[in-house]
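See structure below.
The values are calculated or read from the model by the stated rules, or taken from the named source; none is laboratory data. The structure presented is a predicted model; accordingly, all values stated were derived computationally and were not measured. Ideal geometry is used to build each Cβ from the backbone, glycine not excepted, and the neighbour counts take in all protein chains shown. Side chains are part of the model used for accessible areas, which takes the heavy atoms of the whole protein and leaves out ligands, DNA and RNA. Shrake-Rupley method; radii C 1.70, N 1.55, O 1.52, S 1.80 Å.
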Amino acid sequence: MYLNGSTPLLTSTRRRTVGVVIAAVLLLVGSLLLAYPDRAGAAADPLISRGKTATASSEEDSGHGPQNAFDGDPATRWASAEGKDPQWLRVDLGGTADVTRVQLSWEDAYAKAYRIEISADGTTWTRLADEKAGNGGTDDWSGLSGKGRYLRVYGTARGTAYGYSLHEVEVYGTFDGAPPQTGAFTVVAAGDIAAQCTASDSDCAHPKTAALAQKLNPKFYLTMGDNQYDDARISDYRAYYDKTWGAFKNKTHPVPGNHETYDPAGALAGYKAYYGAIAYPQGKSYYSFDEGNWHFIALDSNSFDRSAQIDWLKADLAKNSKACIAAFFHHPLYSSGGHGNDPVSRPVWKILYGAKADLVLNGHDHHYERFAPQNPDGKATADGITEIVGGMGGAEPYPIENVQPNSQKRISGEYGVLKLDFTDSDYSWSYVGTDGKTKDASPKYACH
């Protein structure tokens, strides 16, 4: 569109619910589409941002995370920290796209000045649109022309004394070349979690790891056993775990550890009473589920010596149709911590390796450790299983004692969680401390 026949001018259209101008607006839109038929094609481009992975410079609280701006629900919203400039909201489209339109639905806390930017790598940004006199409502930027995988809204001046808040960000366009990674999702995981302490004790760690886990706002959570100390009684689950990690119990897929077997009421009694069908969705203490192109297998490593679970595992893997496989259970086959290697897991590893499984997550030793891909005999190999020990969810840390072959990184004494990023064909992760800082980041691994 041109202004007085001069240079092109890109402006945002703000939609208002003023009935007296609806007919005039419709007439104007119709005339523009006739005059500029290429705009009709742009308007028809599909929405490509719904449900995609989002990050932000900050969030007001755990209920206003960045994912809310891409969930299609006008009742939810992302909100930044109050009173600070600049702030940004970013979405990973999952593949390189030609972006033609971006629509922003502001809450009362809007941006007076902001930019819409696009990037191929999430580092170098190109400006698509620039607003210097925003007044909230809905900003509909059409006629854009940009190519990249990442798009962000970068606010430089608030329109109120609060922060920035968006109900929805809708990105329209078409993907270039290879199809997008539509199965992308994030998971948060930890083991060895709730000591018998509460947030009133400054040394109590599981309230801090729970706050971090909730802030990361994953698709779901995994626990790798010893969820509640010391004997995993139902009364202790309610008094401690439920006050922290219990906040997102319905989004959690747990497995039991050895401490869940110590319950005086019976092995796994408190565990089963607390989680119910969440931990026994298939009527057993082991189960499986799918997400995207991934098959997740939750195992009870307390009973790896029982044929029933082994037979079930073989049958479950035989029925699997997903390209990528991850398993999680308590006892690690390899560990450089105090418990060390646990051969009870070797038969399961052999079955998983034979099925070309990609990833195993464990707890038991209270530290973080990642291993290079290896086979059940501990030989490094490209088609091996990648193992992570993630036992820093809140229990007292254990020191590193005997570094194992193929161990690539070890951290003890810093509590935190695993943030795992999955796509249709690969995965990577970071170990995030309770201070919010990344302590370790993995390479990206392709599924077998």
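Some observations on this one:
Residues checked against (1) charged (D, E, K, R); (2) out of contact with any helix residue (DSSP H, G or I) (no Cβ under 8 Å at 6 or more places or on another chain); (3) within 18 Å of Phe175 (Cα to Cα); (4) assigned to a strand (DSSP E or B):
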| site | (1), (2), (3), (4) |
| --- | --- |
| Arg115 | yes, yes, no, yes |
| Gly122 | no, yes, yes, no |
| Arg127 | yes, yes, no, yes |
| Ala133 | no, yes, no, no |
| Gly136 | no, yes, no, no |
| Gly143 | no, no, yes, no |
| Gly148 | no, yes, yes, yes |
| Leu151 | no, yes, yes, yes |
| Tyr154 | no, yes, no, yes |
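- Of the residues making up the range 322-375, those that are assigned to a loop (DSSP other than H, G, I, E, B) and either over 28 Å from the mean Cα position of the chain (by Cα) or not charged (D, E, K, R) (or both) number 24.
- Pairs where the first residue, in the range 383-403, is in contact (Cβ under 8 Å) with a residue 12 or more places away in the chain and within 27 Å of Ile351 (Cα to Cα) and the second is in a strand (DSSP E or B) and open to solvent by 40 Å² or more (accessible area, probe 1.4 Å), C-beta under 9 Å, 6+ apart: Val389/Arg410; Val403/Arg410
- Meets criteria (free of Cβ contacts under 8 Å to residues at least 60 places away in the same chain and buried (at least 18 other Cβ atoms within 10 Å of the Cβ)) for Tyr280: no
- Conditions (1) open to solvent by 20 Å² or more (accessible area, probe 1.4 Å); (2) assigned to a loop (DSSP other than H, G, I, E, B); (3) not aromatic (Phe, Trp, Tyr); number of the one not met by Gln214: (2)
- Tyr275 vs. criteria part of a helix (DSSP H, G or I), crowded, with 20+ Cβ neighbours inside 10 Å and out of contact with any His (no Cβ under 8 Å at 6 or more places or on another chain): yes
- Of all residues making up the range 243-295, the number that are aromatic (Phe, Trp, Tyr), closer than 27 Å to Thr423 by Cα and touching an Asp or Glu at 6+ places or on another chain (Cβ under 7 Å): 1
- Out of Asp242, Asp236, sole residue that is open to solvent by less than 50 Å² (accessible area, probe 1.4 Å) and either more than 21 Å from Asp311 (Cα to Cα) or not in a strand (DSSP E or B) (or both): Asp236
- Criterion violated by Val360 - all others in (1) open to solvent by less than 10 Å² (accessible area, probe 1.4 Å); (2) over 14 Å from His448 (Cα atoms) satisfied: (2)
- Unmet criterion (only one of (1) within 20 Å of Asn258 (Cβ to Cβ); (2) of a type outside the set (D, E, K, R); (3) not in a strand (DSSP E or B)) for Gln282: (1)
- Unmet requirement for Gly95, which otherwise passes all of (1) without any contact (Cβ under 8 Å) to a residue 60 or more places away in the chain; (2) surrounded by fewer than 20 Cβ atoms within 10 Å (Cβ to Cβ); (3) closer than 28 Å to Gly292 by Cβ; (4) under 24 Å from the mean Cα position of the chain (by Cα): (1)
- Filtered residues of the range 71-84 (kept if touching a strand residue (DSSP E or B) at 6+ places or on another chain (Cβ under 6 Å) and either in a strand (DSSP E or B) or open to solvent by 40 Å² or more (accessible area, probe 1.4 Å) (or both)): Pro74, Arg77, Trp78, Ala79
- Residue within the range 178-196 that is among the aliphatic types (A, V, I, L, M), part of a loop (DSSP other than H, G, I, E, B) and at pLDDT 95 or above present: yes
- When residues in the range 390-441 are screened for being surrounded by fewer than 14 Cβ atoms within 10 Å (Cβ to Cβ) and not in a loop (DSSP other than H, G, I, E, B), 2 of them pass.
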